[in-house]
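To keep things clear, I will list the structure first and then write my remarks on it.
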Amino acid sequence: DVKVTQSSRYLVKRTGEKVFLECVQDMDHENMFWYRQDPGLGLRLIYFSYDVKMKEKGDIPEGYSVSREKKERFSLILESASTNQTSMYLCASSGPGIGTGSEQYFGPGTRLTVT
Amino acid sequence: GESVGLHLPTLSVQEGDNSIINCAYSNSASDYFIWYKQESGKGPQFIIDIRSNMDKRQGQRVTVLLNKTVKHLSLQIAATQPGDSAVYFCAEKYEKLTFGTGTRLTIIP
């Protein structure tokens, strides 16, 4: 079974702090994604990566950056956390093929609260 | 607690009955569709998918129907069980995946 893990389930940070969210997948998937999930808005794509050191902006990249130094690991960085970044963050991975199509496997999510 | 789905449509179904969850998608050029299940406190889990060249696909206790004429997707769950309680949402793909907001399914014992 595909396993996608995220470093934290719950995180509380202060406004202005730098925040790192880590995601690891064990299926040698090329594609990895970061979403945020907010009530009534569904999943919104922040960034995705289709290869090591490659990244593409999603629909809402502002205020975020990402890093993919190894194939299995995709990090989401909030350079200066703000209260409007309080959300559930979900990481996903998928197999071959560039882009965001095909079945994606999700991690359990990180609920981030910025105070 | 989990705040996903505070403003979601809800569907309540008697245990043992069949459930039908609907999804209207937006892009007539979408060529691939997925249904996900998200239980409280967990990430979305793949249930079933269907390509646009099909109108029906069956899995274990689940069936997805695709009506491209009206851009409508439905998920049918047979003999609903307590473990089926979750938020269900569809995703459509045209160049990228776009996710719906979901429906909360509640099972009445």
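The values are calculated or read from the model by the stated rules, or taken from the named source; none is laboratory data. The structure presented is a predicted model; accordingly, all values stated were derived computationally and were not measured. Here the Cβ is made from the backbone with ideal geometry for all residues, glycine too, and neighbour counts use every protein chain on show. Please note that ligands, DNA and RNA were not included when accessible areas were found on the heavy atoms of the full protein model with its side chains. Shrake-Rupley method; radii C 1.70, N 1.55, O 1.52, S 1.80 Å.
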| task | Pop out the ³J(HN,Hα) list for the range B:24-36 in order, Karplus 6.51 cos²θ - 1.76 cosθ + 1.60 with θ = phi - 60°, rounded to Hz; leave Gly and Pro as x. | result | 9, 9, 9, 10, 5, 8, 4, 10, 8, 9, 9, 10, 10
| request: Indicate, rounded to the nearest 5 percent, the antiparallel portion of the DSSP beta bridges found entirely in the protein assembly as shown. | output: 90 percent
| Where Lys and Arg each count +1 and Asp and Glu each count -1, what net charge lies around A:P96 among other residues with Cβ under 12 Å from its Cβ? | -4
| note | Regression test value, accessible area per residue of the range A:14-97, probe 1.4 Å, units Å², expected 44 Å²
| message | At 1.4 Å probe size, what's the solvent-accessible area of A:M27? Round to the nearest 10 Å². | response | 80 Å²
| query | By how many nm would the segment from B:A78 to B:R57 lengthen if fully extended, with 0.36 nm per residue of separation less the alpha-carbon distance? | reply | 6.2 nm
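Quick one: compute the contact order of chain A, relative version, from alpha carbon pairs under 8 angstrom and 6+ residues apart, as a percent.
Details: 309 pairs, mean separation 41.5, N = 115.
Computed over chain A, the figure is 36 percent.
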| remark: Over 23 Å (Cα to Cα) among B:K56/B:K93; A:K18/B:K37; B:K71/B:K93; B:K37/B:K71; A:K70/B:K93 -> A:K18/B:K37; A:K70/B:K93
| query | When ligands, DNA and RNA are left out and all protein chains stay put, how many square angstrom of accessible area per residue does the range B:38-82 have with a 1.4 Å probe? | reply | 57 Å²
| note | Listed residues B:F33, B:F46, B:F89; largest mean-square fluctuation, Gaussian network over chain B with Cα springs below 10 Å, found at B:F46
| request: Have a look at B:E39, B:E95, B:E15 and tell me which one the Gaussian network model of chain B (Cα, springs below 10 Å) gives the largest fluctuation. | output: B:E95
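From Cα pairs below 8 angstrom and at least 6 apart in sequence, can you work out the relative contact order of chain B, rounded to a whole percent? Present the calculation step by step, with values, prior to reporting the outcome.
On the way: 246 pairs, mean separation 41.3, N = 109.
The value is 38 percent.
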| Most fluctuating residue given options A:G42, A:G58, A:G16, as computed from a GNM of chain A linking Cα atoms under 10 Å | A:G42
| In the range B:77-109, which residues give up 40 Å² or more of accessible area once the other protein chains are added, compared with their chain alone (1.4 Å probe)? | B:K96, B:L97, B:F99, B:T101
| query | With all protein chains present and a 1.4 Å probe, how do B:Y36, A:Y50, A:Y105, A:Y10 order by accessible area, largest first? | reply | A:Y10, A:Y105, A:Y50, B:Y36
| Rounded to the nearest 100 Å², what is the sum over both chains of accessible area buried where A meets B, with a probe of 1.4 Å? | 1700 Å²
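So for B:K68, B:K96, what's the accessible-area order with a 1.4 Å probe, most first? It would help to have the intermediate numbers written out before the result.
On the way: B:K68 95, B:K96 70 Å².
My answer, sorted largest first, is B:K68, B:K96.
Test of understanding: what is the full-extension gain from A:E72 to A:N84, defined as 0.36 nm times their sequence separation minus their Cα-Cα distance? Can you show the working numbers first?
Details: separation 12, 0.36 × 12 = 4.32 nm, distance 2.88 nm.
Computed gain between A:E72 and A:N84 is 1.4 nm.
I'd like the FRET efficiency for A:M54 and B:Y94, computed as 1/(1 + (r/R0)^6) with the beta carbon distance as r and R0 of 30 Å, rounded to 0.05. If you can, show how the numbers build up before the last one.
Details: r = 22 Å, r/R0 = 0.73.
Computed FRET efficiency for A:M54 and B:Y94: 0.85.
Considering only the range B:10-108, what is the antiparallel percent among its DSSP beta bridges, to the nearest 5? Can you show the working numbers first?
Values: 35 of 40 bridges.
Within the range B:10-108, antiparallel bridges account for around 90 percent of the total.
Quick one: net charge of B:C23's neighbours, Cβ under 14 Å, K/R +1, D/E -1?
Working: positive: B:K37, B:K68, B:K71, B:K93, B:R104; negative: B:D49, B:E92.
Here the charged neighbours net out to +3.
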